[in-house]
Structures are given as structure tokens and as C-alpha cells.
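See structure below.
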Amino acid sequence: MNRIGSASGIPGADRAGSPRRVWIAAAAGAVLLVAAGVTAGLLWGRGAPAVRADEADTYAAAPACSALPREDVRELVPEAALETSEHGPVDDADSSTCVWTSVGTDGPPRSLHVDFTAHFTDKAGDVSGARAADRRLEQLAPIGGLEGAAPLPELGEGALAWPGTSDGTSAEVVFRRDNMLIQVFYGGDADGGGGMDYDEARGSAVGVAEQVAASL
């Protein structure tokens with residue numbers, strides 16, 4: 001469930017082709033794919049039994065976007081607008097996607113993208129929701145490894161952070177709580193202009209992840 005925003009048709013669009021803004025525009029297609037995937041799951045679900053958690057699954061649903069306080073979002077994304085808010089069933093799971101951006105405002109272009117996926121025990125009972133979430137985390141590890149991933153022991157076993165874009169102006173964090181997998185993407189321009197430093201982006205993404213972990 002990746003990535004974010006669109007930079008077309010905004011004030012200062014004559015600069016929209018600069019490297020530090022390209023990631024915002026390039027991410028737009030991925031957000032549409034995420035939304036389409038969740039919508040497809042909802043439509044499919046109308047003619048099928050609802051996706052349900054097993055009694056052994058700690059989390060029975062993915063949180064709504066309101067789980068992240070507005071003031072915390074606006075601290076990272078000034079004048080933030082909630083551009084994507086999707087929630088629905090996917091294969092043996094319940095998922096929500098939240099994207100906030102400040103594109104088109106007077107503030108620096110920034111984006112915050114948070115995905116929640118509550119994995120459920122399969123129908124046969126062979127793979128628990130927690131194991132399914134752990135497997136997904138394992139699958140993401142090689143992806144991060146190709147981009148300079150580093151472990152985040154403070155967020156639990158298997159938690160990782162890595163550069164979200166090749167220019168180093170964003171960061172991605174992934175971690176797990178029981179059967180819930182959480183992915184956080186944050187990046188954009190710095191307050192003083194120019195691309196955000198990766199360490200700053202990483203620190204902010206980790207901060208959001210820690211807030212989410214504390215709220216679960």
C-alpha cells in the first residue's frame with residue numbers, strides 16, 4: 001500500500017518538476033491503486049460472507065484514520081488535508097489507508113501515509129492472524145534491505161525503517177502488533193525549502209509509528 005499525493009495544478013506548479021517534488025506526483029497512481037483495491041474488496045464483500053477475525057486474533061478490524069489525532073498530523077503536515085480515507089475487507093484481513101498532504105497550500109509540500117492491516121486467522125485455522133502479519137513483515141524486509149533498511153527494536157521484532165524515495169527526502173517505517181501490520185510513509189520539503197533530510201523524515205515517521213503503537 002504505497003505511495004502518495006499529486007502536485008499538478010497547484011500554486012508554484014512551474015517548480016513541480018524539481019526532484020524534491022517528483023515523488024509526490026509519482027505517488028498519485030499508487031494511491032489510486034490502493035483505493036481501487038479496497039473498493040474492489042468492498043464490492044466483492046457484498047456477495048460474500050463478511051471478513052471476520054478469529055477469536056484468537058487480537059484486532060478484529062483496522063483502525064479508522066481518526067485514530068491518529070489531527071493535531072499530530074498537522075504538526076508534520078501543516079494545513080493537512082485528508083486526501084484518502086479507505087476502509088474495507090481484503091483477503092483474510094481488514095485494511096484502512098489514510099493519506100494526508102499539504103500540496104497546494106502555503107506550507108511546504110509534505111505527505112503522511114499510514115496503512116493498517118488487521119490479518120485474520122485463515123479459514124482452515126492453519127495460519128494465525130499474527131503469523132500472517134509476521135509473514136508480511138518478513139516479505140517487506142528484503143524490499144527495505146535493497147534501500148538501506150535499519151531495524152527499529154523500539155517498535156518490536158522485525159520493525160524496519162528505510163528511505164521511501166531514491167532522493168532521500170522521505171522515510172518508510174513498518175512494524176507489527178500481534179495480527180496488525182502498520183506502515184508509515186512520510187516526506188516532502190523542509191521548512192526552509194529544499195528536500196527534507198532523510199534523518200528528519202525518518203525521525204518523524206518513527207514518531208508517528210510510536211504514537212500509533214501506543215494507541216493500539
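The values are calculated or read from the model by the stated rules, or taken from the named source; none is laboratory data. Here the structure is a predicted model, which means the values were calculated and not measured. Every residue, glycine among them, receives a Cβ derived from its backbone with ideal geometry; neighbour counts consider all protein chains shown. Areas reflect the complete protein model, heavy atoms only, side chains present, ligands, DNA and RNA absent. Shrake-Rupley method; radii C 1.70, N 1.55, O 1.52, S 1.80 Å.
Among the residues making up the range 113-132, those that are out of contact with any helix residue (DSSP H, G or I) (no Cβ under 8 Å at 6 or more places or on another chain), at pLDDT below 95 and of a type in the set (D, E, K, R) are K123, D126.
Suppose the filter is in contact with a Phe, Trp or Tyr (Cβ under 7 Å, 6 or more places away or on another chain), open to solvent by 40 Å² or more (accessible area, probe 1.4 Å) and free of Cβ contacts under 8 Å to residues at least 60 places away in the same chain; does G144 pass it? No: the conditions fail for G144. If the condition is being among the charged types (D, E, K, R) and open to solvent by less than 20 Å² (accessible area, probe 1.4 Å), then the range 148-181 contributes only E172.
Taken as a whole, the range 118-133 holds at least one residue that is touching a residue at least 60 places away in the same chain (Cβ under 8 Å), within 19 Å of the chain's Cα centre (by Cα) and open to solvent by less than 10 Å² (accessible area, probe 1.4 Å). Tell me, please, whether a residue that is assigned by the TED database to the domain that holds R136, touching a strand residue (DSSP E or B) at 6+ places or on another chain (Cβ under 7 Å) and open to solvent by 20 Å² or more (accessible area, probe 1.4 Å) can be found in the range 182-195. Scanning the range 182-195, I find at least one residue that is assigned by the TED database to the domain that holds R136, touching a strand residue (DSSP E or B) at 6+ places or on another chain (Cβ under 7 Å) and open to solvent by 20 Å² or more (accessible area, probe 1.4 Å), so the answer is yes.
The single residue among E79, E83 that is open to solvent by 20 Å² or more (accessible area, probe 1.4 Å), in contact with a Ser or Thr (Cβ under 8 Å, 6 or more places away or on another chain), among the charged types (D, E, K, R) and in contact (Cβ under 8 Å) with a residue 60 or more places away in the chain turns out to be E83.
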